[in-house]
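*Asks:* Here you go, one structure.
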Amino acid sequence: MTPFSAGECRPTVVLPDNSCDCHMHVFDDTRLPVAGATVTPPTATVNDYRKLQERLGTRRYVLVQPSTYGTDNSVMVSTLVENRTNARGVAVVNDKVPDEELVALNDAGVVGIRFNQVQAGATSLAMLESLAPRIQTLGWHIQLHVTGQQFIDYAELLLRPGVPLVLDHYARLHHVPSLANAVTERLMRLMDSGRVWLKLSAPYLSSQATHPPYIDLGHSLESLTRNFPERLVWGSDWPHATEADKPDDAQMLDWLTSQIPSRKLQESVFVENAASLYRFQVAREAL
């Protein structure tokens, strides 16, 4: 068993063709050694990730720049370029990024920028307004990872930039039980705007449970899938860099599909929504 996986079982549900994992990371100490970052997991390459793809039955994936590397996107971009057909990227940049770097990232397959305010340091929410018009010309989106309290405090600010907004990890809905009602209220308001998407990823970061079943999230999913089926996407969060006790990806995927048993809804969440948000071709692509 590798240091970034738990279990070798496969999910019981066969995912639709061209299913996309919209949130995974790569780490490579041989390419970019890191010291002093908040999260410093062992090397986990795209070749390691392919073993997970085989287990889960996914085809497409989105490389998300981890907080470990700050604004140095080189590991993510090199992996993206080598696997361009079925991969897209989300980079981390600050407000000093030159235009030519944004163009180069776009050419490599990047489709958005991430603001991680949970493992903060590389960016701040103050950069949103200046970066938004620059990425809007590229057709990109903003991806956001915030605490529940930050989400409550900044919900109105998040709608100002005028570009699509993607919220990480169920918006950490139930991470702090006392904030759950307020976070849910803000989330529903933002989703109602029509410009906000939600990643059904890393349930262990948004639930009071560390392993399935995630009963609190299950109740929230019922409302989310009923009201916003066209703006939900799924991500594995592999290799689960923040978790010492690695969750079983197949078990988590089985839990999620049990919450959305409709095959039509599964097609939306795992294939169609991801293809729209991350600019994948609708037609079947070769591995």
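We did not get these values from a lab; they are worked out from the coordinates using the rules stated. Only a predicted model underlies this, so the values are computations on that prediction, with no experimental measurement involved. Positions of Cβ are generated from backbone atoms using ideal geometry, with glycine treated the same way; all protein chains shown enter the neighbour counts.
*Asks:* Sort Arg84, Arg55 so that the residue with the fewest other Cβ atoms within 10 Å of its own Cβ comes first and the one with the most comes last.
*Replies:* Sorted ascending by nearby Cβ count, the order is Arg84, Arg55.
*Asks:* Would you mind ranking Ile152, Ile113, Ile135 by Cβ crowding within 10 Å, fewest neighbours first? If you can, show how the numbers build up before the last one.
*Replies:* Working: Ile152 14, Ile113 30, Ile135 23.
Fewest to most other Cβ atoms nearby, the residues stand as Ile152, Ile135, Ile113.
*Asks:* A follow-up question, please. What is the distance in Å between the Cα centres of the range 201-226 and the range 127-169?
*Replies:* What the calculation gives is 23 Å, centre to centre.
*Asks:* Oh, and also: Out of all DSSP beta bridges in the chain, what portion is antiparallel? Express it as a percent rounded to 5.
*Replies:* Expressed as a percentage, antiparallel bridges in the chain total about 5.
*Asks:* Normalised by the residues of the range 20-278, what does the relative contact order come to in percent, with Cα pairs under 8 Å and at least six apart?
*Replies:* Relative contact order, the range 20-278: 18 percent.
*Asks:* While we're on this one: Please report Asp216, Asp107 as a ranked list, fewest other C-beta atoms within 10 angstrom at the top and most at the bottom.
*Replies:* So the ranking, lowest neighbour count to highest, is Asp107, Asp216.
*Asks:* Give me the compactness ratio for the range 159-235, meaning the Cα radius of gyration over 2.2 N^0.38 Å.
*Replies:* Normalised by 2.2 N^0.38 Å, the Cα Rg of the range 159-235 equals 1.04.
*Asks:* Give the long-range amide H neighbours of Ser201: residues separated by 5 or more places, or on another chain, with amide H under 5 Å away, using H modelled in the peptide plane at 1.01 Å from N.
*Replies:* Here His169, Tyr170, Gly235 satisfy the definition.
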